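Data block below; observations after.
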């Protein structure tokens, strides 16, 4: 289609014609984009350092949390109760919620701007906590209780990873071990 085939108001707006792009705004945009990318990267690196410091400051709480989660009457019994179809599996939710509160405390201590935990993690926790046993749950047992197990195991994983890397690291590493990278995703700084 040629420009002359367009209505006069479309021709005025430049529709149907090839416009020559200006090189200057693109160059300015690229420089601005690179500057923003560098600034964001620097901020992410800064947050990694402050997060690691906050994790180290909370190692005792993380150790207590893991001890509670690994207790026979929590992890071992909770998993058994799922397969036994016992309402006692619902007790896992308290450890999950407690661990999540600890993660929020650590994130706030790290001073991460507009801090919130990862949306995938939040959804897993939302779907696997706040569930009260009802007799009808027995008919759809795994549909109701599997999210409780899933949420607990995700929370336990993040307690373990923060403990491991909080003990082992002096500074954020490059390249990153998978567990540390997962922790950064939990805190939305990766």
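FYI, it's all coordinate maths here, none of it is from the lab. No experiment lies behind these values; they were computed from the predicted model shown. For neighbour counting, all protein chains shown are included, and Cβ atoms are generated from backbone atoms with ideal geometry for every residue, glycine included.
Descriptive notes on the structure:
- Estimated FRET transfer efficiency when R0 is 30 angstrom, pair residue 114-residue 143 (beta carbons, to 0.05): 0.30
- With all pairs of separate Cα atoms included, the stretch 54-186 yields a Kirkwood hydrodynamic radius of 15.6 Å.
- Paramagnetic label zone (point 7 Å from Cα along Cα-to-C-beta, residue 79; backbone N under 11 Å) in the stretch 138-166: 153
- Given their separation in residues at 0.36 nm each and the Cα-Cα distance between them, residue 56 and residue 104 gain 15.8 nm when the chain is fully extended.
- Calculated SAXS-style log₁₀ I(q)/I(0) at q = 0.20 Å⁻¹ - the stretch 70-144, Debye, Cα scatterers: -0.91
- Over the stretch 31-121, volume per residue of the alpha carbon convex hull, in Å³: 110 Å³
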